[in-house]
1. In cubic angstrom, how much convex hull volume per residue do the alpha carbon atoms of segment A:10-105 span?
2. Can you tell me the FRET efficiency between B:ILE281 and B:ASP54 if r is taken as the Cβ-Cβ distance and R0 is 25 Å, rounded to the nearest 0.05?
3. Arrange A:ASP99, B:ASP213 by Cβ neighbour counts within 10 Å, fewest through most, would you?
4. Using a 10 Å cut-off around each Cβ of peptide C:92-101, what is the average number of partner chain Cβ atoms that fall inside?
5. DSSP beta bridges in the protein assembly as shown, what fraction antiparallel, as a percent rounded to 5?
6. Translational D (Stokes-Einstein, µm²/s) of segment B:88-318 at 4 °C and 1.567 mPa s when Rh comes from the Kirkwood sum over C-alpha pairs?
7. Would you give the gap between the C-alpha center of segment A:204-273 and the C-alpha center of segment A:124-140, rounded to a whole Å?
8. Could you tell me the relative contact order of chain C? Use alpha-carbon pairs under 8 Å, at least six residues apart, and round to a whole percent.
Amino acid sequence: MTLLKVEDLKVHFPIRGGFFRTVVDHVRAVDGVSFELEEGETYGLVGESGSGKSTTGKAIVKLNKVTSGKILFEGQDIANYSSRQIKPYRRDIQMIFQDPYSSLNPKKRVLDIIAEPLRNFERHSPGEEKKIIQDYLDKVGLSPDSIYKYPHEFSGGQRQRIGIARSLTLKPKLIIADEPVSALDVSVQAQVLNFLQDLQEEFKLTYLFVGHDLGVIRHMCDRMGVMYRGRLVEEGTSKEIYNNPQHIYTKRLIAAIPDLEPSVREEKAIARQKVSEEYEQSYSKYFDEKGRAYDLKPISTTHRVALP
Amino acid sequence: MWKFILRRVLIMIPQLFILSIIVFAMAKAMPGDALSGKVMDPGISPERIEELRDQMGLNDPMHTQYIRWISNVAQGDFGQSYTHKTKVMNVIEDRVWQTVYLSLFTVIIIYALAIPLGILSGRYNDTWIDKAITGYTYVGFATPTFIFGLIVLFLFGFTLDLFPTGGTVSSKVDEGTFAYFLSKLNHMVLPAFSAALISTVGVVQYLRSEVVDNKLKDYVRTARSKGIPESKVYSRHILRNSFLPIAAFLGYEITGLIGGSIIIETIFSYPGIGQLFVTSISLRDFSVVTALVMLTGFATLLGTLLSDIILSAVDPRIRIE
Amino acid sequence: MFLYKYYTNINENELIETFFTKLLKSSQKLYKLKLNYQKIIYFIEKVVIKLGGTSMEKPIIQIENLTTSFRIKDHYHAAVDNVSFSVNENEIVAVVGESGCGKSALALSIMQLHSKDRTKMEGAINFKGKNLLPLNEAQLNKVRGKEMGMIFQEPLTALNPLMMVGKQIEENLDYHTKLSKEQKKTRTLELLSQVGIPYPELTYKQYPHELSGGMRQRVMISIAIACNPDLIIADEPTTALDVTIQAQILDLLKSIQQKTQMGIILITHDLSVVAEVADKIVVMYAGQVVETGTVREILKNPLHPYTKSLLHSIPSAITDKSRLHVIEGIVPSIAKMDRVGCRFKERISWIPEEAHEHSPELHEVETGHWVRCTCYQHFHFQDEKGEMITHDIT
């Protein structure tokens, strides 16, 4: 069942200039993105900074205003819902943020941080609430007596887990994870990623993973979409994207990933050089006159590429 | 940049307009008018007073009075001062320069004192220098200006008789001579210093906290990694960056320049704008009061604009295109 | 010559003059020959070194038993604990570890950029034969920027936001060279184009916030190489950058190194970056060096449990969606660390106590490959069921 379907989503930010501060142009952060998410799958949205991937994620959670397009959640178009209409959907769509150091209110105790979403929607007695929270803390691997502690008493990985616990309290169907592990060390990354996988099984979650670390995305996601300048340039299963990239931007991205095998260093450097040249030459083929990528065209059942 | 300035100046016009309405309304809302205070001739009958009122146009409808007033203001005529019996402009003109000199002197002292103290305090923070300077700022912050002014006046003026206790210039010197200038300076010393010593504390604290913050910044580490001697690290990086908020405040000082300090001028019997303000209110001299409020309002707007311009000149991050 | 004299009857004085001139000329020729000879020998040496990779390399910097301690509440705690390694010409040494391992403290210690009143340093930093540790600020400032350059992690904060980028590069030249104003500007523009900035004239006048992350890092690099230093310390130079920009910056560093033969100390937590560019690895944990060797050796045959665990936690190393290896426990804080015994002990609690050394030393397992603590000999992974498994990195 298609849980989320994004159709031609556009998020434009106005640029004001001139004498009367009129709108002179727009920053086209997201310029026509379409993709689908099935229930229970993990979809990765990959791109470099400025590609619009974070903006897309935030637009789905309604943290950014949608300029045009549709966001169909379980068949309902929530793109233009007012804050009153969107309220029930907030239970179903939650977000995990990137920076564990700033996404938790430093003046609040862990109990209040995790209980906040719960208090917005449900009524529980303090005893019940405490029990629910301790339950979730246990699930993310933190000890139950951390409920009275403050965020600064925890490490980055632990804070990120608190953020994950917070997003789980309302039993959402879809979680959008905006670069959840990029601020963490490698060994802590592993812990958090494992948790996310376990939680997905237990709570039957669907993930939209937004990030730029291709290794992490490849590990976690079934399918990936590569974004560049606000548009998707390629979409497919992780295997397809890695082993058979079609779009020159994807090729350039894959070629830039450093390899853990030192003996292929020189080869890779040459390959990068070649891809970079190819990129320069074929640029006009893959992007139109305005620099926008074309629409995605399927080249197999799961693999779509932005070809002219 | 010019577009920004032009836009701000154009916006000032409606702002001044609104200000004038507010000022006028407040002035008229005050109980009594020019004729209800001191009466010139105790024998005048109430009917005669009403007649005079009519003559002076004080019984006309509000908007008529306002339009009359504002059109005069636009021509630079603030009307007659009821107490001084001359045009308001003359009264103000006499005093505004005194206030400007005093404020200028005060501002110079403030920055001359505060900047080195702030730098020292920030550079050597947590040492006894810093503790002494911070202690001084606490005391200064807690001391009300009028008490300090009175103490200074009493101590240095009366008891020790080091400085004159009132007026701007002694009557024994002639205008235009150096002695005149010295005498003027002499009369400004006490008020200026008592105002300055209290006002330095704000600048010192700001500068200190900026220096302490900037010392730990990454770009200072980069500068050290280039092998730049410590003194130059301070002058080129830390201090230059710490002056940002001070530069911003410079614009606001303009407001004070024209507005003057009511307390200081009253205590030291210094005939400036501040003193004029207080006396005019108590004497119900509306024309002077409204003129002064307009002037101060205009100075504030100007000061804000200047602040913004200076800040964008100094900080490239907020340069307005 | 005497025959000459007999046969031409030239004046004796002239003859002597000619004799000495000829002597001088031939000695000059001989001298030039000697120089050329030396050059040839040097060249042959270099070729031999390149071919054989012998240890005839000259170390630019030798860090010996460096210990940097920070004062926390009246006690000094060592963040860098007895660390030794060296960097040769034209070599990239990567110092790898996670947060809390002391690698950033190490980077700043080499240039002695820590605040003096809270830091204590012991050991020796032999830079081109001279120990830098006992030098005072004035002497250190002659080395910093001129013979040693540093690249920082976050270029936006590491550059002065109120100063033009070009001027910040020139600042380095101001204090270490005697060039004139125009010469400095020319050199700066040269440097900007050398690091791959497309419009040097334009960029010279810009401010840090007007540039992209990659451009800012390039500016940082040009500041560091301005005076042609012999050593560059790069503290996580690409962590804040996108992957394509990262590749460009790393390629740039390598190409600059080719031209100048300088040594680079690369501090990073990203093992794949290490695999891309480094020659030697120094793995740090809890302030100590736990393993060191060439990159090929360590990545092919990691020995220390920490190195092994780290390699297994990396998502890109495992191609399918199986679980990532997790190192249980957390990195010890420097104030509460157990300074005696193997510091990695608690995190591999299933390995018996006897396997660890009481005061673990570095053992040279193979030439150039050193591992700390004998626990590596008895190490094996453990999955959730408590069974012994050994992983191979595919």
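Taken together, the values in this text are just the output of simple stated rules run on the coordinates, not laboratory data. In this text, all values refer to a predicted model and were calculated from it rather than measured experimentally. Here the Cβ is made from the backbone with ideal geometry for all residues, glycine too, and neighbour counts use every protein chain on show.
1. Hull volume normalised by residue count: 162 Å³.
2. Once the sixth-power term is evaluated, E becomes 0.50.
3. B:ASP213, A:ASP99
4. Mean shielding count: 2.
5. Restricted to the protein assembly as shown, the bridges split so that about 65 percent are antiparallel.
6. On the way: Rh = 19.7 Å.
Roughly 66 µm²/s, to the nearest whole number.
7. 39
8. 17
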